[in-house]
Amino acid sequence: MARYTGPKNRIARRFGANVFGKARNPMAHKPNPPGQHGAKRKKKSDYGVQLEEKQKLRACYGMLPHKMLVRYFRESLREGGNTQGNFIQKLECRLDTVVYRLKFALSPFHAQQLVSHGHIEVDGKKVDIRSFQVKPGMRITIREKAKSNALVKQALDRSAIDVPEYLSLDAPKLSGELISVPHADQIPLPLPVNVAVVCEFLAHTS
């Protein structure tokens with residue numbers, strides 16, 4: 001699966017938030033939405049609202065492709081129970097997301113890169129699949145060759161970022177564990193996202 005390489009600051013400005021957790025907040029220099037005169041806001045149709053919520057969710061998870069969201073939605077639907085809860089849990093338990101939440105990476109994109117370049121171990125084995133689903137009890141570790149990586153150290157030193165309660169971090173060992181499957185209200189999304197609206201959109205477009 002290709003990694004997103006598009007204009008990240010433009011996306012952050014569109015949603016009015018430092019959605020990718022950059023050290024240099026893109027909103028500080030250009031606080032207005034992209035486009036001429038700040039792209040005046042127009043009233044959106046129901047489809048437009050659904051599409052924007054989906055785009056916000058994609059941004060929160062490193063611009064995942066639409067096809068990946070559809071896959072997670074279908075799997076969540078087949079599992080029964082709370083489809084919305086299942087859906088957001090699958091996104092949150094992706095290996096790249098867990099790496100980012102453990103403060104091993106500066107952004108979702110940095111986390112994707114760490115995983116795909118083979119710098120992450122799960123229970124002592126190298127895993128380079130970003131979409132790998134982490135289960136409770138699994139231990140995530142930075143591999144030996146990447147432990148001296150300056151960007152990893154910089155990410156861990158961010159005092160303003162907290163590790164969510166469903167994860168445990170052993171910072172000196174550059175290791176962490178998923179303690180439990182997260183509930184929706186525990187997940188620290190950088191933007192408010194209406195997951196129900198996203199699921200409704202995916203139900204009609206999948």
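Every number here is computed from the coordinates shown, using simple stated rules; none is lab data. Model, not experiment: these values are computed from the prediction. Cβ atoms come from the backbone with ideal geometry, glycine included; neighbour counts cover every protein chain shown.
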Simple Cβ-charge dipole of the range 94-180, Lys/Arg +1 and Asp/Glu -1, about Cα centre, in debye nearest 20: 200 debye
5 angstrom amide H check on Leu167, placed H, neighbours 5+ away: Ile179
For the range 91-206, alpha-carbon Rg over 2.2 N^0.38 Å: 1.09
Dimensions in Å of the range 137-196 - Rg and Dmax from alpha carbons: 13.7, 42
